[in-house]
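I have placed the structure first, in the form of structure tokens, so that the comments after it can refer back to it.
Bear in mind that the values in this text are calculations on the coordinates, not laboratory data. Since we're looking at a predicted model, the values are computed, not measured. Note: ideal-geometry Cβ built from the backbone for every residue, glycine included; neighbour counts use all protein chains shown.
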Amino acid sequence: MAGARGALIALEGVDRAGKSTQGRRLVEALRAGGHRADLLRFPERTTEIGRLLGAYLAGEKDVEDHAVHLLFSANRWEHVPSMKEKLRQGVTLVVDRYAFSGVAFTSAKENFCVDWCKQPDIGLPKPDLILFLQLSPEEAAARGDFGSERYENSLFQEKVLKSFYHLMKDKTLNWKMIDASKSIEDLHREIKSIAEETMLEVQNKPLGELWK
Ligand code: DGP
Ligand code: NA
Ligand code: NA
């Protein structure tokens, strides 16, 4: 029998919900439990495309909205060969943001429809689990001010959230809503348990293709 494959787990959610902290904690805990696991964060800013996106987000560079949408997608695609190889070898991948952020952020802009936004990401490795970390705008505000990157303002973030809710209606995807107002520790335990369950469930199932 071929070895068990790893699971692809996406973390999505509103700003300051704790995605990055939870992603790190999850990978550490899985490794401590004897699993192979890696963390990936999109945009992945170390490639050429990633550096361009970093400059765009920092406001150092302007890029036309359609063009930048395709670049965010390209930044995911350029990691697909290595992601598939790791999953095949049994490494579970935790991704901090994925195509759902891609669609939610661009479709929050004027004159972009969800359908157009999804096209370039069709066929990406399909997450076995999408954890959506939910936090009310009030609770998010209590965790501190927005940073100074592009998109970091409350009006735009509300539109992004609406787009996320639209994407969650897709029942072909395994969305799990998580209450991110809990303590870091409680949230971590909940996420770890759902992740371990998913890893067992999918280990002998083929990896899917997103939105196909
Ligand atoms: P982060 O490093 O998680 O803070 O994400 C950087 C910012 O980029 C954040 O505001 C969300 C946004 N973002 C992430 N992925 C995409 C994408 O695919 N398209 C667009 N337009 N924005 C994205
Ligand atoms: Na965008
Ligand atoms: Na950010």
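In the range 100-163, which GluC sites (Glu not before Pro) fall in coil by DSSP and have 10 or fewer other Cβ atoms within 10 Å?
Here the GluC sites (Glu not before Pro) that fit, given the DSSP loop and packing criteria, are Glu110.
When you take every Cα atom in the range 58-168, what is the radius of gyration, and what is Dmax, the widest Cα pair distance, in Å?
Every Cα atom of the range 58-168 included, Rg and Dmax give 15.3, 43 Å.
Compute the acute angle (0 to 90°) between the alpha-carbon long axis of helix 154-168 and the principal axis of greatest extent of the alpha-carbon atoms of the chain; round to the nearest 10°.
40
Return the loop-located GluC sites (Glu not before Pro) in the range 1-76 (DSSP other than H, G, I, E, B) with at most 11 other Cβ atoms within 10 Å of their own Cβ; answer none if there are none.
Answer by residue number: Glu60, Glu64.
Return one number: the angle in degrees, 0 to 90 and rounded to the nearest 10, between the long axis of the Cα atoms of helix 19-32 and the longest principal axis of the Cα atoms of the chain.
10
With a/c under 1.5 counting as rounded, go ahead and sort the range 109-212 into rounded, prolate or oblate using the C-alpha gyration tensor (a ≥ b ≥ c being the square roots of the eigenvalues; past the cut-off, prolate if a/b is larger than b/c, else oblate).
Verdict is oblate for the range 109-212.
Considering only Cα-Cα distances, which of the following residue pairs are longer than 32 Å: Lys159/Lys212; Lys182/Lys212; Lys61/Lys205?
With Cα atoms farther than 32 Å apart: Lys182/Lys212; Lys61/Lys205.
Can you give me the Cα centroid spacing of the range 71-97 and the range 102-128 in angstrom?
17
When only DSSP loop residues count, what chymotrypsin sites (Phe, Trp or Tyr not before Pro) in the range 40-136 have their Cβ near at most 11 other Cβ atoms within 10 Å?
none
Between helix 184-202 and the chain, what is the angle of the helix's C-alpha long axis to the longest principal axis, kept within 0 to 90° and rounded to the nearest 10?
So the inclination is approximately 60 degrees.
Put +1 on the Cβ of every Lys and Arg and -1 on every Asp and Glu Cβ in the chain; which of Ile130, Phe164, Gly144 then has its Cα farthest towards the positive end of the dipole?
So the residue we want is Ile130.
What is the dipole size for the chain, taken about its Cα centre, with +1 at each Lys and Arg Cβ and -1 at each Asp and Glu Cβ, in debye to the nearest 20?
660
For the chain, give me the percentage of DSSP beta bridges that are antiparallel, rounded to the nearest 5 percent.
10
How big is the C-alpha Rg of the chain next to the rule-of-thumb value 2.2 N^0.38 Å, as a ratio?
0.99
Per 10 Å bin from zero, what fraction in whole % of the C-alpha pairs of the range 1-95 is there, up to the bin with the longest pair?
Whole-percent P(r) values from 0 Å outward: 15, 38, 33, 12, 2, 0.
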